[in-house]
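Working notes, beginning with the structure itself.
Please treat every number below as a calculation from the coordinates, not as lab data. Just so we're clear, the structure is a prediction, and the values are computed from it rather than from any experiment. Ideal geometry is used to build each Cβ from the backbone, glycine not excepted, and the neighbour counts take in all protein chains shown.
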Amino acid sequence: MFGDNPNDALLQSSWNEFCDQLKNAGELIFRDTTPAHDIDRAKGLRLLARNVSLALQFHLDNNDPDFPELLHYFDPIRKQGGDNPDALYVGAPVNGKHTYRISGQRGNARYFAVTVLEDGNTPWGGAVVGNLIDSEIEVDEEGNFEIIVGPDEHAGNWIKTTPGSWRLTIRQFFADWENEQPMVARIDRLGELEHDPVLTSQQVQQGLQDSAAWIRDSTWYWADMLDKWQAQPNNFLSYRQLDDNAIDATPGGEPLICYWRVPQDEVLVVRVTPPKASYWAVEFGNYWWESMDYRYRLCSTNCHHAVLEGNGELILVVAHDDPGLPNWLDPSGHVEGYITLRWIGAESYPVPHCEQIKRDALSAHLPRDVETIGHQERQAQLTARRRGVTKRFGY
C-alpha cells in the first residue's frame, strides 16, 4: 500500500505532475489561431496523445547515450513537424565526447542521410554539426556500410562530433515505395561498458517531467511555426525566409512551404516545372503539420509517382472531390493545411504558382490536353500506396 516504499510520495507526485502538464498542453487546441473546425480540434487532441509515446521514447526509454538504439520517430499513426510521407526517420541519443559505430545494410531508399546535431533552443535540438548524404557514404558490394560518429578522425565514413553533439537522425526518403528497401542497422557506443538494468525512482521522475515538457514544447513550437505561413496563404516560402532557428533540417535542399484554405466549392491549382534533381516530393497535411493519412489517401507525390504534362510541368490540384487528375491532393475532410515541395540535389529551386478558383471552373482553367486518370487507375494508385507503406514499416 502507499507508504510501504520511501519513494512512494515522489513517484505519486511525479505521475500527478506528468498528468497535470499533459492537461495544460491541451490549451493549444483552443487558442485564437487554431482552426475551429471539428476535424482540426479533434486532430489537435489526437496529436497530443500520439506524441506521448515519442516523448517517453526520447526522455525515458531511449535517452542513454551510452546504450542508444536506432528507433523510428514518425509513422502513419505518429506524426509531427511536417513529416514526409515518403520517409522513414530513425534516430538515437549521442554524447559528442564519445565514439559510435552505425553498421548494417544500407537498403536502397532514393535519398539517405545521416545527420548529427547539437542541443539547442528548439525541442528537436539546434545546429547540424555534420552529415553524410547518399553517395558520400561508402557501401560494399553486398550493401553493407559502417559509419563512425565521434570527435577523432577516422578513415572511411566518419562524422565529426562536437562536445555539444546530442542526437543523430537517419532519414530515408523512398521514391518507389514498393521497390526500395529500408535500411537495417544498429548503433553501438565503442569501448567497454556494462549496462545497468536498475531503474530508479529519480530517473522516472526526471523522465516524466522532461517528457511532459517536450510534448507541450514540440507541439506548440510547430503550431507557432506554421502560423507564420498561415498569415501568407497560397505563397510558397522556405523555412529560412520566416525563421532563423537552427534546426535538424534535411540536408541537400530546403523545403518550400505553403498554407492553403480551400472551401468545399473551390479548388487550388498549383503549377511548377520540377528541376532535374536527385529527389523531389510533394507533401500535404493539416494545420497541425501532420501529413494526411498516406496509407489510404492521395496526400503526396514525388519524382517517381507524379505524372507530368507533355512539357514537363507538374499540375497539382487540391479538391474536395476527385477531379480525375493524377496529381490530386485530397484534403481528407480539412479545409486548410499545408503543402510542401521539397527539391533535393536540384539544379534549381523553382517556386510553385498557386491559383484558387471555383470547383466548377476547373476544367475550363486547365490545358485541353491535361493528363487525366480513370476510376480503375485511381484505385490502383491507392492500393499501391498501402502496399508501399506496409513494406516500409513492416505492417
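Estimated translational diffusion coefficient (Stokes-Einstein, Kirkwood radius over Cα pairs, 10 °C, 1.306 mPa s) of segment 221-393: 95 µm² per second. Site pair Thr273 and Glu355 shows an inter-label distance of 1.7 nm when each label is modelled 7 Å from Cα along Cα→Cβ. Legend: ranking of residues Thr219, Thr122, Thr33 from fewest to most surrounding C-beta atoms inside 10 Å; resulting order Thr33, Thr122, Thr219. Of the DSSP H helices in the chain, those with a Cα length along their own long axis of 18 Å or more and a mean Kyte-Doolittle hydropathy reaching -0.5 comprise 38-56. Note on Gln264 and Glu194: the model spin-label points, each 7 Å out from Cα along the C-beta direction, lie 6.8 nm apart. Across the chain, the relative contact order, built from alpha-carbon pairs under 8 Å that are at least six residues apart, equals 18 percent. Under 26 Å of direct C-alpha separation, and excluding same-chain neighbours fewer than eight residues apart, Lys160 reaches these lysines: Lys97. Our note on the geometry: Cα centres of segment 58-122 and segment 16-51, 26 Å apart.
Look at the alpha carbon pairs under 8 Å that are at least 6 residues apart: their mean separation over the length of segment 221-393 gives a relative contact order of 30 percent.
Here are a few candidate values for Cα Rg over 2.2 N^0.38 Å: (i) 1.47; (ii) 1.05; (iii) 0.93. Which one was actually calculated from the structure I just gave you? Here Cα Rg over 2.2 N^0.38 Å agrees with entry (ii). Listing Tyr89, Tyr294 from fewest to most neighbouring C-beta atoms within 10 Å gives Tyr89, Tyr294.
What fraction of the Cα pairs in segment 56-177, stated in percent, has a spacing above 17 angstrom? When all Cα pairs of segment 56-177 are counted, 58 percent exceed 17 Å. When Lys160, Lys79 are arranged by Cβ crowding within 10 Å, least crowded first, meaning fewest neighbours, the order is Lys160, Lys79. The calculated FRET efficiency for the pair Leu382 and Asn5, based on their C-beta separation and a Förster distance of 56 Å, comes to about 0.55. Sorting 45-51, 326-332 by average packing, meaning the other beta carbons within 10 Å per residue, from highest down gives 326-332, 45-51.
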